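**Q** The structure under discussion is supplied below as structure tokens; questions concerning it will follow.
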Amino acid sequence: MICILLMAGHGTVLETEIKNDDTGLYSHLAAVPKALLPGIGGKKILDFWWEIVNMRQLFTEVYLVTNADKYKHYERWATANDFPVENIVNDGSTTLEDQLGAVADLELVIRSQKLQDDILVIAGDMMCADQNFDIAQVIGFFKSKPGELIIYYELEEGERSSSRGIVEVSPETHRITRFLEKPKERLTASRLASVVFYCIQKNTLSCLSDFLSLQTTTTNRTFGHFWEWFINEKHLDVFGMKLPTGFQLIGQVGLSDYTKWLTHYSTKQHGNSAKPITCRSYARVGLMGNPSDGFNGKTIAMTISNFWAEVNLVESQTLSLAVFRICSASAEERDIWEVSACCRLLVKSSTSSAPNKALP
């Protein structure tokens, strides 16, 4: 399976408002693409998505599509974050007026890279409230269904259905029965909103070209219009998976939207207790070469996804680390006390039933 991160839109509203902000609080973010703005916890929005798709070795390749105006920003980001620069696709657009449209950008990557595999498509510049969801569950759900997959969530209070693509979903089969792109009020009772987070089968990729051939203007080359055509007119099978989280900063947004949702999601995250952290290191097999002879070593190796070492880090209910200020002691005395404190900590954490022994 191949993952494609879409970031070719021109966020003119947000960029203009950051540039014209009189407070000076956001001057360091001038001309920065939306995906590279600080997200929840100070992490860049794109950093979150790159970690999500990169941590489990679920994809044979990950591509990033952007525009000519922001290409250099993403090139620098890729170099700093171990993303293959050759997998950045430039769609050539420089302004909102000459942009290709999201569906055309996706088709460009598929055509230029000659991709023939199932595709996961994500808008890499949208903010996700849940920083710990497992994308493997999304892929597993997709593979269990005979059709495409759309991720959706329930609109939060204050969000209007007229600002999102709305889906109507059969609760029994999870099949999407109707897709409405930014519907007018009262056109549907559904509060289930779709975002650019899709799984598309390789046999369906040709439908992208069919859809684009029907569009005379770039404004209609959006995924909302594509799914309306695909589901409502073609009556093809598309299934929905609901994530218990929220998504924001979708499409054209302003500075007030950015600050509001960043504060909202950060506050919700701080209100929750720390979640367990699980990391895996997969087995590596060296096939040829010598990797241990310094800088010039070359080797052919591979990782094996069904063998790994796993570490689970959970918040302790009994162990706490405290900082002691030692003002009047000499440097030698401080060193002795710090070693003593560390030894006491080790004894305390390793003897759950026996009483702690005094240390000299």
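**Q** Could you give each residue of segment 245-260 its phi-based ³J(HN,Hα) in whole Hz, using Karplus coefficients 6.51, -1.76, 1.60 with θ = phi - 60°, and x for Gly or Pro?
**A** Here the 3J(HN,Hα) series is 8, x, 10, 9, 6, 8, x, 7, 10, x, 5, 5, 5, 4, 5, 5 Hz.
**Q** Report ³J(HN,Hα) in whole Hz for each residue of segment 168-180, in order, from the Karplus equation J = 6.51 cos²θ - 1.76 cosθ + 1.60 where θ = phi - 60°; Gly and Pro get x.
**A** 10, 10, 6, x, 7, 9, 6, 7, 7, 8, 7, 10, 10
**Q** If a/c stays under 1.5 just call it rounded; otherwise compare a/b with b/c (prolate if a/b is bigger, oblate if not). Do that for segment 66-187, with a ≥ b ≥ c from the square roots of the Cα gyration tensor eigenvalues.
**A** Working: a/c = 1.78, a/b = 1.46, b/c = 1.22.
Prolate is the answer for segment 66-187, as a/c is 1.5 or above and a/b outweighs b/c.
**Q** Now for a separate question. Taking just the alpha-carbon atoms of segment 1-103, what radius of gyration and Dmax come out, in angstrom?
**A** My reading of the Cα-based Rg and Dmax gives 14.3, 46 Å.
**Q** State, to one decimal in nm, how far the label point of Ser305 lies from the label point of Leu287, with both points 7 Å from Cα in the Cβ direction.
**A** With each label placed 7 Å out from Cα toward Cβ, I get 1.7 nm.
**Q** Which distance in nm do the two modelled labels at Lys242 and Ser112 give, with both placed 7 Å along the Cα-to-Cβ direction?
**A** Each label point lies 7 Å from its Cα, and together they span 3.9 nm.
**Q** Near the amide H of Leu115, under 5 Å away, which other amide H atoms are found, from residues 5 or more places off or on another chain, if H is placed in the peptide plane?
**A** none
**Q** I would also like to ask the following. Mind listing the phi-derived Karplus ³J(HN,Hα) values for segment 203-216, rounded to whole Hz, using 6.51, -1.76 and 1.60 with θ = phi - 60°, and x for any glycine or proline?
**A** 6, 9, 4, 5, 5, 4, 5, 4, 5, 5, 5, 8, 9, 8
**Q** Next question, about the same structure. If you count, for each residue, the other Cβ atoms within 10 Å and average over each peptide, how do 113-120, 75-82 line up from highest to lowest? Can you show the working numbers first?
**A** Numbers: 113-120: 15.8, 75-82: 13.4.
In descending order of packing, they fall as 113-120, 75-82.
**Q** Sorting His235, His225 on the 10 Å Cβ count, fewest up front, what's the list?
**A** Ranking His235, His225 by Cβ neighbours within 10 Å, fewest first, gives His235, His225.
Every number here is computed from the coordinates shown, using simple stated rules; none is lab data. On a predicted model such as this, the values are computed, not experimentally measured, just so you know. Note that each Cβ is placed from the backbone with ideal geometry, even for glycine, and that neighbours are counted across all protein chains shown.
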